[in-house]
Amino acid sequence: MFMKAILLLMVFSGCAYAQQVQVKDVEFATILAVEEAEKYYNSLMAEEPEDSDNTAKYSEYRGQLAVDWLLKGNVEKYQFYKKMQPKFTALQLFELSNHLEDWVDNNTEVRRVEQISSELLGELEKGMYYDQFSRVGVLLEINAVANARLGNVQLAKERIEASNEKVIFRNFPYFRNSLANYLNRYAVILAADGQPQRALDTLSKAMRDANSTAVLRGTLREVYQQVNGSKKGLEEYIATLEEEAYRTTYENVQKEWKANGQAVPNIPLTDYDGKEIRLSTYKGKIVVIDFWSTVCKPCVAAFPAFERIVKEYSKDPFELFVINVGETADIVRPYMKKKGYTLNVLFDNHEKIFNAIGAIGTPEKFIIGTDGNIQLRGVGYAGSDDAEYYKLKAMVEVAKAHTKDL
């Protein structure tokens, strides 16, 4: 239980090196609504006034309140807690940058994004925060796009160039859409600089390579019209790029098919309520299982694509389970609810299934055919929303192609 408490704090507070776990820290971390978290913080301050012994804890709480209020769109509340100079944890900084990414990529609150990202960059330069997840490069990208949208094109070009010197994870499929987001932002700046053809070429290649997202497709639509003067042929062009990316993925997956795979073990898993679920009872359906944990960034990066797949195959004999390893329902349930994911979660806390089928880590997905045998596996995160979607769709379609009754 001690290790699980440590994991909880790593997930919700970013305090990976905490020396002691307090019950109230856990209680604060599991509160979903920021309004309720703020009430809890205020009551705790009244009960235990801040002093030299607990100031670090309260600083972390204020940092989380600042982050959560910004996620809710309340900039004034963010600024209120930010003025108290909380020392953002690595995870809080990660969440902040993610939200600023969402705003700037969707051309929302651009001026505020420019201001907040500039402030955070200045504080990081002073060494005020531990940048465990290499947010400097991402914040430079964010700031560059904000400036491009505000008409400060030269500064935007300087910032996007500077981001290349600070990036660590961009070309490694670890965080969600790292490379796809960069390519989209670079194209936005090219278009703002009067180079729409270069922007279109950049985005087209990104889509062919499956380094793409819904946002990137939106940018491509805009620059396509700039280059061609109309929407004529646009949707056909996008469909061709998507088909090329998917076909390449499908051909690669097809080579990995195993006709005589390992039978799925008759080992029970549990759902949120502790009810036993056995994968061996799902014969007649194609079943996807994916091993994950809340502290695994590439694991949860794949979830939006999983949600898309579940919706697409909702009328088919198909199931998808994300199997949590090493955590409990009291950690996972609020996490999934806060993130808005609706995937079917199962638990393998003793790693019996994980070990029995020879899994090597997280994330790792397996396709179980209608005969109950494991016939495909995929290790790691594919790198973008589209790449992950194409990969899993191809795995399902290859399984269907080898199943006579589907």
Give the relative contact order (percent, whole number) for the range 169-209; include only Cα pairs under 8 Å separated by 6+ residues.
29 percent
Just grab the label-to-label distance for D330 and K297, each label 7 Å out from Cα along the Cβ direction, in nm (one decimal).
2.9 nm
Would you mind checking the range 240-280 for residues with the amide N under 14 Å from a putative spin-label position 7 Å along Cα→C-beta of N228?
240-242
Dipole of the range 262-401 [Lys/Arg +1, Asp/Glu -1 at C-beta], most positive-end residue of C296, V398, I353
V398
Taking every pair of alpha-carbon atoms in the range 262-401, give the share separated by more than 25 Å as a whole percent.
18 percent
Report, to two decimal places, the Cα Rg of the range 77-225 normalised by 2.2 N^0.38 Å (N = number of residues).
1.02
Relative contact order (percent) for the range 2-250, with alpha-carbon contacts under 8 angstrom and 6 or more residues of separation?
11 percent
Quick check: residue separation of R208 and K352 times 0.36 nm, minus the Cα distance between them. What number comes out in nm?
47.9 nm
Under a GNM of the chain (C-alpha, springs under 10 Å), which listed residue has the highest mean-square fluctuation: A56, A329, A305?
A56
Between the range 190-230 and the range 56-100, the Cα center-to-center distance that results, in Å
34 Å
Charge sum, other residues only, whose C-beta stays under 10 Å from Y272's C-beta, Lys/Arg counted +1 and Asp/Glu -1
-1
Can you give the translational diffusion coefficient of the range 21-125 in µm²/s, computed by Stokes-Einstein from the Kirkwood radius over Cα pairs at 10 °C and 1.306 mPa s?
110 µm²/s
Can you give me the long-range amide H partners of Q262? Hydrogens built in the peptide plane at 1.01 Å from N, cutoff under 5 Å, separation of 5 or more residues or another chain.
I374
Quick one: net charge around F347, please, counting Lys, Arg +1 and Asp, Glu -1 for every other residue with C-beta under 10 Å from its C-beta.
-3
Can you list which of the DSSP-assigned H helices in the chain have a Cα extent of 27 Å or more along the long axis and an average Kyte-Doolittle score of at least -1.0?
234-254
Contact order normalised by length for the range 262-401, with contacts defined as Cα pairs under 8 Å and 6 or more residues apart; what percent is it?
34 percent
Set the Förster distance to 30 Å, then compute FRET efficiency between L343 and Y130 from the Cβ-Cβ distance, nearest 0.05.
0.45
Here is the link list: K87/K166; K72/K337; K283/K338. Which ones come out longer than 25 Å on Cα distance?
K283/K338
Heads up, the range 278-354 by the C-alpha gyration tensor (a ≥ b ≥ c square roots of eigenvalues; a/c under 1.5 rounded, else a/b over b/c prolate, else oblate) looks oblate
Given the convex hull over the Cα atoms of the range 346-394, what projected area results after averaging over all orientations, in nm²?
4.1 nm²
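In the range 99-151, what GluC sites (Glu not before Pro) fall in a loop by DSSP, with at most 13 other Cβ atoms inside 10 Å?
none
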Amide H contacts under 5 Å for I323, restricted to residues at least 5 apart in sequence or on another chain and with H modeled in the peptide plane, are D290, F291, W292, L346
Hey, got the dipole for the chain? About the Cα centre, +1 on K and R Cβ, -1 on D and E Cβ, debye to the nearest 20?
820 debye
Once every DSSP H run of n ≥ 4 in the chain is given -39500 (n - 2.57) and the sum is divided by its residues, what mean residue ellipticity at 222 nm do you get, rounded to the nearest 500 deg cm²/dmol?
-18000 deg cm²/dmol
How long is the gain from T281 to S118 if the chain were fully straight, where each residue apart is worth 0.36 nm and the alpha carbon distance is subtracted?
53.2 nm
Here, Q254 and Q79, labelled 7 Å along Cα→Cβ, have an inter-label distance in nm of 5.8 nm
Specify which labelled value, from [x] 23.0; [y] 22.4; [z] 24.8, agrees with Kirkwood radius over Cα pairs in Å derived from the coordinates of the model shown.
[x]
Centre separation in Å (Cα based) which lies between the range 248-296 and the range 117-186:
37 Å
Farthest toward positive dipole pole in the chain [+1 Lys/Arg, -1 Asp/Glu at C-beta], among F28, L124, G284
G284
Net charge near V215, counting Lys/Arg +1 and Asp/Glu -1 over other residues with Cβ under 14 Å of its Cβ?
-2
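Each value in this text was obtained by applying a stated rule to the coordinates, not by laboratory testing. What you see is a predicted model, and the numbers here were worked out from it, not measured in a lab. Note: ideal-geometry Cβ built from the backbone for every residue, glycine included; neighbour counts use all protein chains shown.
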